[in-house]
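Everything on this sheet refers to the single structure shown next.
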Amino acid sequence: MVQLKRNLHPLRNDFFEQQLKSVSAELEGVLIDVLPPPNTRLHEAIGYSVLGSGKRLRAFLMLAAADLFSVPSEIALRVAAAIEFIHAYSLVHDDLPAMDNAAMRRNKPSCHKAYGEATAILVGDSLIPLAFQTLSSLNVPKDIQGELIHELSRVIGSEGLVAGQMMDLNQEGPIVTEEDLLTLQRLKTGVLFGFATEAGAILGNASPSERKVLKNFGLLFGRMFQMVDDWLDGCEDENVTGKPSHQDKDKLTFLTLLGPKGLRKKVEETLKEVLEILSPFGEKAAPLKEAAQYACQWVK
Ligand code: GRG
């Protein structure tokens, strides 16, 4: 049973890390349960890409949002697993030579470096249906299940995640303005975080206004997370990030747009806004707030 404790203290990152660790351990069991056993090379490569690492922040946010409505954890964990499958697919495909061409991911060789390009493409191709298979096997009312499937397919499609990736690869023209950057980051990063928190509300049969608050929280969390990712790329070494730094120095990013001082200020302002969004939930939202504070701890 996932136990999220409400003990918000702005400086206690260690407290949050403990919670994240225990949620990750529980999720790992569900991921292993849902994934096919490593009985083929493809299944082994899928396990390599999904299991054993990753911060599991999207899963944590989903579980914390669902916890606001006392959703049974065995159901919420399966939705969290589906989100992690989509996230893992996007990382595997993003790392491919035709995309971001990254050799390392999660402190180990990226999937195509370990298993070859063709297998990595097929790992991603397998993880998308596995996510939907997981959602379609949930023991929840049909309207809730339909809503989850509809929303996830919407946010990861050609008007969501994939559109963001097209923009990031400059396939839709150059990214020049701050508005371009915000759109790109909303699609590439924000919408999956938005789905994660909205999914908790959907599962919990939340009111339309509660659902909107949680979706907006996830979207803004995603923007802040991307700001931190840009910070880490420009200001930290790869021991912190688990992947090579300074990959984005020639791109328009929040760091190249605002500079280190401007970006630090923007992260602080965005964190304040992110925390304020949750005010309708009061103290109950402490785990979500802790997650937001945890996500910006590297920006100093
Ligand atoms: C449709 C192929 C395709 C890609 C979609 C998500 C994405 C676009 C690309 C992934 C690359 C990337 C740097 C995205 C920005 C969001 C981000 C920082 C992802 C990494 O997420 P973490 O840090 O990863 O949560 P872990 O490893 O902790 O799960």
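Looking only at residues of region 248-284 that are modelled with pLDDT under 95 and of a type in the set (Asp, Glu), we find that the one that is nearest to Asp230 (Cα to Cα) is Asp248.
Selection within region 143-162: residues that are within 11 Å of the ligand (Cβ to nearest atom) and of a type outside the set (A, V, I, L, M). The member of this set that is farthest from Ala81 (Cα to Cα) is Ser158.
Please enumerate the residues belonging to region 137-185 that are among the polar types (S, T, N, Q) and either in a loop (DSSP other than H, G, I, E, B) or over 16 Å from Ala201 (Cα atoms) (or both). Step through it out loud before you land on a result.
If we filter region 137-185 for residues that are among the polar types (S, T, N, Q), which is where we start, we get 137, 139, 145, 153, 158, 165, 170-171, 177, 183, 185.
Of everything in region 137-185, those that are among the polar types (S, T, N, Q) and either in a loop (DSSP other than H, G, I, E, B) or over 16 Å from Ala201 (Cα atoms) (or both) turn out to be Ser137, Asn139, Ser153, Ser158, Gln165, Asn170, Gln171, Thr177, Thr183, Gln185.
Could you tell me whether Asp233 is within 11 Å of the ligand (Cβ to nearest atom), over 15 Å from the mean Cα position of the chain (by Cα) and at negative phi? Against the criterion (within 11 Å of the ligand (Cβ to nearest atom), over 15 Å from the mean Cα position of the chain (by Cα) and at negative phi), Asp233 qualifies. Can you tell me which condition Val240 does not meet? The list is (1) at pLDDT 90 or above; (2) assigned to a helix (DSSP H, G or I), and all the others hold. Checking Val240 against (1) at pLDDT 90 or above; (2) assigned to a helix (DSSP H, G or I), the one that fails is (1). Residue pairs whose Cβ atoms lie under 7 Å apart, sitting 6 or more positions apart in sequence or on different chains, and linking a residue in region 142-169 that is in contact (Cβ under 8 Å) with a residue 24 or more places away in the chain and closer than 18 Å to His93 by Cα to a partner that is among the polar types (S, T, N, Q) and not in a loop (DSSP other than H, G, I, E, B), are Leu161/Ser90.
Would you confirm whether or not region 181-204 contains a residue that is at pLDDT 95 or above, within 10 Å of the ligand (Cβ to nearest atom), of a type in the set (Ser, Thr, Tyr) and in contact with a helix residue (DSSP H, G or I) (Cβ under 7 Å, 6 or more places away or on another chain)? Scanning region 181-204, I find at least one residue that is at pLDDT 95 or above, within 10 Å of the ligand (Cβ to nearest atom), of a type in the set (Ser, Thr, Tyr) and in contact with a helix residue (DSSP H, G or I) (Cβ under 7 Å, 6 or more places away or on another chain), so the answer is yes.
The values are calculated or read from the model by the stated rules, or taken from the named source; none is laboratory data. Just so we're clear, the structure is a prediction, and the values are computed from it rather than from any experiment. Heads up, the Cβs are rebuilt from the backbone with ideal geometry, glycines too, and the neighbour counts pull from every protein chain shown.
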